[in-house]
Every structure is written in C-alpha cells, then in structure tokens.
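The values are calculated or read from the model by the stated rules, or taken from the named source; none is laboratory data. Not measured: the values here are computed from a predicted model. So basically every Cβ, Gly included, is an ideal-geometry build from the backbone, and we count neighbours across all protein chains shown. Surface accessibility is based on the protein's heavy atoms, side chains included, excluding ligands, DNA and RNA. Shrake-Rupley method; radii C 1.70, N 1.55, O 1.52, S 1.80 Å.
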Amino acid sequence: QANFILALFPNDPKRNAHAANAHLNKDGIIVRKVGAYGLPDGLRITIGTEAELRATRDSLAAFMG
C-alpha cells in the first residue's frame, strides 16, 4: 500500500514530465518532481480525496490528449 503513485512520462518535448507538471500546476494541481531521485521522466502524485483524484485524472487526460 502507498499514499502516492509514480507517473512516468515519455521523453517527448511536448508530453514530458516537466510539461505535465506545468499543465497540472495551471489547473491548480501540485505534484512533486522526482528527478532528484533519478527519475527525470516521473512525477509523484499524492493520493487525495476522490474529487482531487478525478481532477488530476481529467487534467492529465487533457494534457495527454
């Protein structure tokens, strides 16, 4: 069990972890970059309320297109 998920993104200039983080931030969603842990293509997303998870899911779906 854990209280977060690790989302890995492709090494693509338009859909990488940095761009996803910026998109999520624009939507008011704060996640943690994990590049310092050797995972430059990843974001740590904390498990929150159901409404927060749905907002994160919807934002990421819009980002990934």
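Quick notes
- Accessible area of residue 30 in the full protein assembly, 1.4 Å probe (Å², nearest 10): 140 Å²
- The chain: relative contact order as a whole-number percent, Cα under 8 Å and 6+ apart: 37 percent
- Amide H contacts of residue 47 (H built 1.01 Å from N, under 5 Å, at least 5 apart or other chain): 4, 5
- Förster radius 25 Å - calculated FRET efficiency between residue 25 and residue 47, Cβ distance, rounded to 0.05: 0.85
- Lys/Arg +1, Asp/Glu -1 at C-beta; the chain dipole; positive extreme among 49, 64, 22: 22
- Mean residue ellipticity at 222 nm, helices only, the chain: -12000 deg cm²/dmol; runs of at least 4 DSSP H residues each add -39,500 (n - 2.57), and the sum is divided by the number of residues.
- Nonpolar atom fraction for the chain, defined as the carbon and sulfur part of the 1.4 Å probe accessible area, stands at 55 percent.
- Answer label for percent of Cα pairs over 19 Å apart (calculated), chosen among (1) 25; (2) 44; (3) 33: (1)
- Accessible area per residue (1.4 Å probe, heavy atoms of protein chains only) ranks 23, 18 as 18, 23, with the largest value leading.
- 14 Å cut-off, amide nitrogen to a point 7 angstrom out along residue 58 Cα→Cβ, residues in segment 2-29: 27-29
- In a simple Cβ point-charge model (Lys, Arg +1; Asp, Glu -1; nothing else charged), the chain has a dipole of about 120 debye relative to its Cα centre.
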